[in-house]
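A.B. asks: Got a structure for you, written out below as C-alpha coordinates; questions coming shortly.
The values are calculated or read from the model by the stated rules, or taken from the named source; none is laboratory data. Here the structure is a predicted model, which means the values were calculated and not measured. Neighbour counts run over all protein chains shown; Cβ positions are idealised from the backbone, glycine included. Just the protein is used for accessible areas: all its heavy atoms, side chains included, with ligands, DNA and RNA removed. Shrake-Rupley method; radii C 1.70, N 1.55, O 1.52, S 1.80 Å.
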Amino acid sequence: MIRIQRSAALAGGRGWFTGRDLEATPVPIGGEGNLAHRRPHRPSDLAAARREVAATTGTDPTTWHLLHQVHGRDVAVVDAEVPPGKELRGVDAAVTAVPGRVLGVQAADCVPVLLSGPRAVGVAHAGRAGVLGGVIAAVVEALRALAGPGPLQAVLGPAIGGCCYEVPATLRDAAGEVVPGIGSRTTWGTPSLDLPAAVRRQLAGLGVEVLGPSAPCTYGDPTYFSHRRDPGSGRQLGLVVRDAHGEVAA
Ligand SMILES: [Zn+2]
(Lines give C-alpha, C1' and ligand atoms only; values in the text may rest on other atoms or scores of the structure.)
Protein backbone atom coordinates (compact mmCIF):
# COMPACT_ATOMS: atom_id res chain seq x y z
CA MET A 1 0.00 0.00 0.00
CA ILE A 2 1.46 3.30 -1.08
CA ARG A 3 0.81 6.08 1.33
CA ILE A 4 0.28 9.64 0.26
CA GLN A 5 1.98 11.41 3.14
CA ARG A 6 1.13 14.90 2.15
CA SER A 7 -1.10 16.55 -0.39
CA ALA A 8 -1.17 20.18 -1.31
CA ALA A 9 -3.85 22.37 -2.83
CA LEU A 10 -1.90 24.94 -4.76
CA ALA A 11 -3.51 27.81 -6.61
CA GLY A 12 -4.12 26.35 -10.04
CA GLY A 13 -2.76 22.91 -9.31
CA ARG A 14 -2.61 19.90 -7.04
CA GLY A 15 0.38 18.14 -5.54
CA TRP A 16 1.26 15.03 -3.55
CA PHE A 17 4.22 13.47 -1.78
CA THR A 18 4.48 9.75 -1.15
CA GLY A 19 6.09 8.06 1.83
CA ARG A 20 7.17 4.63 2.96
CA ASP A 21 4.82 2.05 4.42
CA LEU A 22 6.29 0.55 7.57
CA GLU A 23 3.40 -1.83 8.09
CA ALA A 24 3.83 -3.54 4.76
CA THR A 25 5.55 -6.89 4.56
CA PRO A 26 9.20 -6.10 3.97
CA VAL A 27 10.41 -6.89 0.51
CA PRO A 28 14.07 -7.69 -0.03
CA ILE A 29 14.84 -4.90 -2.43
CA GLY A 30 13.77 -1.33 -2.43
CA GLY A 31 11.19 -1.49 0.31
CA GLU A 32 7.46 -1.15 0.05
CA GLY A 33 6.48 2.21 -1.28
CA ASN A 34 9.63 2.73 -3.27
CA LEU A 35 8.71 4.72 -6.35
CA ALA A 36 12.12 4.87 -7.94
CA HIS A 37 14.27 2.77 -10.20
CA ARG A 38 16.87 2.26 -7.50
CA ARG A 39 18.93 -0.90 -7.24
CA PRO A 40 17.66 -4.01 -9.02
CA HIS A 41 14.06 -3.20 -8.19
CA ARG A 42 11.56 -5.59 -9.71
CA PRO A 43 9.97 -3.71 -12.61
CA SER A 44 6.56 -5.30 -12.02
CA ASP A 45 6.57 -4.07 -8.40
CA LEU A 46 7.57 -0.59 -9.48
CA ALA A 47 4.88 -0.48 -12.14
CA ALA A 48 2.28 -1.65 -9.62
CA ALA A 49 3.40 0.95 -7.08
CA ARG A 50 3.16 3.70 -9.66
CA ARG A 51 -0.28 2.55 -10.78
CA GLU A 52 -1.39 2.69 -7.15
CA VAL A 53 -0.12 6.24 -6.74
CA ALA A 54 -1.78 7.21 -10.00
CA ALA A 55 -5.11 5.75 -8.86
CA THR A 56 -4.88 7.48 -5.49
CA THR A 57 -4.03 10.83 -7.02
CA GLY A 58 -6.40 10.53 -9.95
CA THR A 59 -3.56 10.99 -12.42
CA ASP A 60 -2.67 9.01 -15.50
CA PRO A 61 0.78 7.43 -15.07
CA THR A 62 1.30 7.48 -18.82
CA THR A 63 1.38 11.29 -18.60
CA TRP A 64 3.94 11.45 -15.78
CA HIS A 65 7.14 13.28 -16.64
CA LEU A 66 9.80 12.20 -14.14
CA LEU A 67 13.03 14.10 -13.80
CA HIS A 68 16.23 12.19 -14.45
CA GLN A 69 18.16 14.31 -12.02
CA VAL A 70 21.82 15.27 -12.18
CA HIS A 71 22.19 17.80 -9.33
CA GLY A 72 22.27 20.71 -11.75
CA ARG A 73 20.12 23.78 -12.36
CA ASP A 74 18.68 23.20 -15.83
CA VAL A 75 14.91 23.40 -16.23
CA ALA A 76 12.86 21.44 -18.78
CA VAL A 77 9.81 23.07 -20.32
CA VAL A 78 7.08 20.52 -21.06
CA ASP A 79 4.82 21.83 -23.80
CA ALA A 80 2.24 20.04 -25.91
CA GLU A 81 4.97 18.88 -28.31
CA VAL A 82 6.66 16.77 -25.65
CA PRO A 83 5.28 13.22 -25.80
CA PRO A 84 3.21 12.41 -22.69
CA GLY A 85 5.18 10.38 -20.20
CA LYS A 86 8.59 11.29 -21.60
CA GLU A 87 11.33 11.17 -18.96
CA LEU A 88 13.10 14.51 -18.61
CA ARG A 89 16.77 13.66 -18.75
CA GLY A 90 19.58 15.72 -17.31
CA VAL A 91 17.45 18.29 -15.51
CA ASP A 92 16.62 18.99 -11.88
CA ALA A 93 13.52 21.05 -12.53
CA ALA A 94 10.63 21.28 -14.95
CA VAL A 95 7.65 23.50 -15.67
CA THR A 96 4.52 23.02 -17.73
CA ALA A 97 1.41 24.95 -18.66
CA VAL A 98 -0.29 21.90 -20.18
CA PRO A 99 -3.20 20.70 -17.97
CA GLY A 100 -3.04 17.03 -17.09
CA ARG A 101 0.72 16.66 -17.63
CA VAL A 102 2.10 15.47 -14.32
CA LEU A 103 5.59 16.55 -13.29
CA GLY A 104 7.40 14.23 -10.89
CA VAL A 105 10.45 14.61 -8.68
CA GLN A 106 12.10 11.80 -6.71
CA ALA A 107 14.09 12.36 -3.55
CA ALA A 108 15.34 10.64 -0.43
CA ASP A 109 16.93 13.51 1.60
CA CYS A 110 17.21 16.20 -1.10
CA VAL A 111 14.37 18.73 -1.01
CA PRO A 112 11.53 18.01 -3.45
CA VAL A 113 9.66 21.21 -4.33
CA LEU A 114 6.27 21.56 -6.04
CA LEU A 115 5.37 24.96 -7.49
CA SER A 116 2.29 26.55 -8.99
CA GLY A 117 1.29 29.80 -10.63
CA PRO A 118 -1.79 31.14 -12.38
CA ARG A 119 -1.25 29.14 -15.59
CA ALA A 120 1.58 26.72 -14.93
CA VAL A 121 3.11 24.31 -12.43
CA GLY A 122 6.66 23.21 -11.72
CA VAL A 123 8.88 20.83 -9.78
CA ALA A 124 12.44 21.03 -8.53
CA HIS A 125 14.94 18.67 -6.95
CA ALA A 126 17.09 20.69 -4.56
CA GLY A 127 19.97 18.86 -2.95
CA ARG A 128 23.08 20.55 -1.64
CA ALA A 129 24.48 21.11 -5.14
CA GLY A 130 21.16 22.43 -6.43
CA VAL A 131 20.57 24.79 -3.53
CA LEU A 132 24.08 26.20 -3.85
CA GLY A 133 23.95 26.19 -7.66
CA GLY A 134 20.72 28.12 -8.03
CA VAL A 135 18.14 25.54 -9.13
CA ILE A 136 15.43 27.32 -7.12
CA ALA A 137 16.03 30.67 -8.84
CA ALA A 138 16.11 28.89 -12.20
CA VAL A 139 12.79 27.09 -11.74
CA VAL A 140 11.07 30.21 -10.39
CA GLU A 141 12.25 32.21 -13.40
CA ALA A 142 10.99 29.53 -15.79
CA LEU A 143 7.68 29.22 -13.96
CA ARG A 144 7.14 32.98 -13.92
CA ALA A 145 7.75 33.14 -17.67
CA LEU A 146 5.14 30.45 -18.27
CA ALA A 147 2.60 31.21 -15.55
CA GLY A 148 1.94 34.82 -16.42
CA PRO A 149 1.40 37.60 -13.92
CA GLY A 150 0.14 36.61 -10.51
CA PRO A 151 1.30 35.00 -7.30
CA LEU A 152 3.43 31.86 -7.21
CA GLN A 153 3.17 29.20 -4.51
CA ALA A 154 5.39 26.34 -3.45
CA VAL A 155 5.29 23.42 -1.07
CA LEU A 156 8.30 21.49 0.19
CA GLY A 157 8.30 17.74 0.60
CA PRO A 158 10.11 15.59 3.15
CA ALA A 159 13.87 16.17 3.23
CA ILE A 160 16.78 15.79 5.60
CA GLY A 161 16.84 18.65 8.09
CA GLY A 162 19.59 20.65 9.68
CA CYS A 163 18.91 18.43 12.70
CA CYS A 164 20.55 15.48 10.93
CA TYR A 165 22.44 16.58 7.78
CA GLU A 166 25.91 16.47 9.29
CA VAL A 167 28.77 17.85 7.19
CA PRO A 168 32.39 18.81 7.87
CA ALA A 169 32.80 22.31 9.30
CA THR A 170 34.77 23.36 6.22
CA LEU A 171 31.86 22.39 3.97
CA ARG A 172 29.32 24.13 6.17
CA ASP A 173 31.41 27.30 6.15
CA ALA A 174 31.99 27.19 2.38
CA ALA A 175 28.28 26.66 1.75
CA GLY A 176 27.47 29.59 4.02
CA GLU A 177 29.60 31.82 1.81
CA VAL A 178 27.32 31.00 -1.13
CA VAL A 179 23.97 30.75 0.67
CA PRO A 180 24.09 32.74 3.91
CA GLY A 181 22.29 31.04 6.77
CA ILE A 182 22.42 27.52 5.33
CA GLY A 183 24.76 26.40 8.11
CA SER A 184 23.20 24.72 11.10
CA ARG A 185 23.88 22.22 13.89
CA THR A 186 22.76 18.66 14.30
CA THR A 187 20.84 17.63 17.40
CA TRP A 188 24.08 15.99 18.55
CA GLY A 189 25.97 19.27 18.22
CA THR A 190 28.03 18.89 15.05
CA PRO A 191 28.12 21.14 11.93
CA SER A 192 25.28 20.62 9.46
CA LEU A 193 23.40 22.15 6.56
CA ASP A 194 19.72 23.02 6.69
CA LEU A 195 18.57 22.58 3.10
CA PRO A 196 14.80 22.96 3.71
CA ALA A 197 15.30 26.23 5.57
CA ALA A 198 17.60 27.51 2.82
CA VAL A 199 15.08 26.58 0.11
CA ARG A 200 12.26 28.31 2.00
CA ARG A 201 14.36 31.46 2.30
CA GLN A 202 15.32 31.35 -1.37
CA LEU A 203 11.69 30.97 -2.43
CA ALA A 204 10.53 33.75 -0.12
CA GLY A 205 13.29 35.99 -1.43
CA LEU A 206 11.99 35.40 -4.96
CA GLY A 207 8.47 36.38 -3.92
CA VAL A 208 7.08 32.84 -3.81
CA GLU A 209 4.63 31.99 -1.04
CA VAL A 210 5.66 28.78 0.71
CA LEU A 211 2.60 26.87 1.93
CA GLY A 212 2.46 24.95 5.16
CA PRO A 213 5.02 24.01 7.77
CA SER A 214 8.24 22.21 7.03
CA ALA A 215 7.85 18.56 6.11
CA PRO A 216 9.32 15.92 8.43
CA CYS A 217 13.04 15.11 8.42
CA THR A 218 13.60 12.04 6.27
CA TYR A 219 16.60 10.91 8.28
CA GLY A 220 14.80 11.08 11.60
CA ASP A 221 11.38 9.82 10.51
CA PRO A 222 11.30 6.14 9.46
CA THR A 223 8.11 6.66 7.49
CA TYR A 224 10.30 8.17 4.77
CA PHE A 225 13.16 6.86 2.70
CA SER A 226 16.49 8.45 3.58
CA HIS A 227 19.54 7.94 1.42
CA ARG A 228 21.85 8.81 4.27
CA ARG A 229 20.18 6.53 6.81
CA ASP A 230 19.65 3.63 4.41
CA PRO A 231 21.51 4.18 1.13
CA GLY A 232 19.71 2.96 -1.94
CA SER A 233 16.58 1.81 -0.13
CA GLY A 234 14.22 3.89 -2.21
CA ARG A 235 12.91 7.36 -2.81
CA GLN A 236 9.78 9.37 -2.30
CA LEU A 237 7.87 10.77 -5.23
CA GLY A 238 6.49 14.28 -5.46
CA LEU A 239 3.90 14.97 -8.14
CA VAL A 240 2.24 18.17 -9.32
CA VAL A 241 -0.37 18.74 -12.02
CA ARG A 242 -2.11 21.80 -13.31
CA ASP A 243 -5.86 21.79 -12.89
CA ALA A 244 -7.57 21.00 -16.15
CA HIS A 245 -10.58 23.20 -15.59
CA GLY A 246 -10.21 26.92 -15.92
CA GLU A 247 -8.02 29.43 -14.23
CA VAL A 248 -8.06 29.25 -10.46
CA ALA A 249 -7.48 32.42 -8.55
CA ALA A 250 -5.20 32.35 -5.53
ZN1 LIG B 1 16.53 15.24 11.40
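A.B. asks: Just by accessible area at a 1.4 angstrom probe, what is the order of GLU209, GLU81, GLU166, GLU141 from largest to smallest? Intermediate results must be reported in sequence, preceding the final value.
C.D. replies: Values: GLU209 95, GLU81 155, GLU166 75, GLU141 130 Å².
Final ranking, largest accessible area leading: GLU81, GLU141, GLU209, GLU166.
A.B. asks: Next up: Specify the longest stretch of the chain that does not include any exposed loop site, a site being one of the trypsin sites (Lys or Arg not before Pro) with a non-H, G, I, E, B DSSP assignment and at most 14 other Cβ atoms within 10 Å. Can you show the working numbers first?
C.D. replies: Details: sites that count: LYS86, ARG228.
Here the longest run is 87-227.
A.B. asks: Average the reciprocal distances over every distinct pair of alpha-carbons in the chain, invert the result, and give the Kirkwood radius in Å. Don't skip to the answer; put the middle values down first.
C.D. replies: Details: mean 1/r = 0.0558 Å⁻¹.
Averaging 1/r across every pair of different Cα atoms and inverting gives 17.9 Å.
A.B. asks: Now a separate question. Using a 1.4 Å probe and ignoring any ligands, DNA or RNA, find the accessible area of TRP188 and quote it in Å² to the nearest 10.
C.D. replies: Rounded to the nearest 10, the figure is 130 Å².
A.B. asks: Rounded to whole Hz and in sequence order, give me ³J(HN,Hα) for region 78-93 from the Karplus expression 6.51 cos²θ - 1.76 cosθ + 1.60, θ = phi - 60°, writing x for Gly and Pro.
C.D. replies: Once θ is set to phi - 60°, the couplings for region 78-93 become 9, 10, 5, 6, 6, x, x, x, 5, 5, 9, 8, x, 10, 10, 7 Hz.
A.B. asks: State the percentage of accessible surface on the chain attributable to carbon and sulfur atoms; use a 1.4 Å probe and exclude ligands, DNA and RNA.
C.D. replies: Details: 5820 of 10520 Å².
Using a 1.4 Å probe with all protein chains present, the chain comes out at 55 percent carbon and sulfur.
A.B. asks: Related question: With +1 on each Lys and Arg Cβ and -1 on each Asp and Glu Cβ, and nothing else charged, work out how big the dipole of the chain is about its Cα centre, in Debye to the nearest 20. Don't skip to the answer; put the middle values down first.
C.D. replies: Values: 24 positive and 22 negative charges, 31 e Å.
Dipole of the chain, to the nearest 20 debye: 140 debye.
A.B. asks: Taking Cα pairs under 8 Å and at least six residues apart, what relative contact order does the chain come out at, in percent? Could the numbers behind the result be given before it?
C.D. replies: Working: 652 pairs, mean separation 62.6, N = 250.
Result for the chain is 25 percent.
A.B. asks: If I take all pairs of Cα atoms in region 183-245, what percentage of them are more than 18 Å from each other? Could the numbers behind the result be given before it?
C.D. replies: Details: 1092 of 1953 pairs.
Here the tail beyond 18 Å accounts for 56 percent of pairs.
A.B. asks: So, one more: Residues of the chain: accessible area per residue at 1.4 Å, in Å²? Spell out each step's value before the answer.
C.D. replies: Details: 10520 Å² over 250 residues.
I get 42 Å² per residue for the chain.
A.B. asks: Let me ask another. VAL70 accessible area, nearest 10 Å², 1.4 Å probe?
C.D. replies: Here the accessible area works out near 80 Å².
A.B. asks: Hey, any idea what the orientation-averaged projected area of the convex hull of region 129-173's Cα atoms comes to, in nm²? Write out the running numbers ahead of the final one.
C.D. replies: Values: hull surface 17.6 nm².
Dividing the Cα hull surface by four gives the mean projection, 4.4 nm².
A.B. asks: Now, a different point. Amide H neighbours of ALA76 under 5 Å, counting only residues 5+ apart in sequence or on other chains, H built in-plane at 1.01 Å?
C.D. replies: ALA93, ALA94, VAL95
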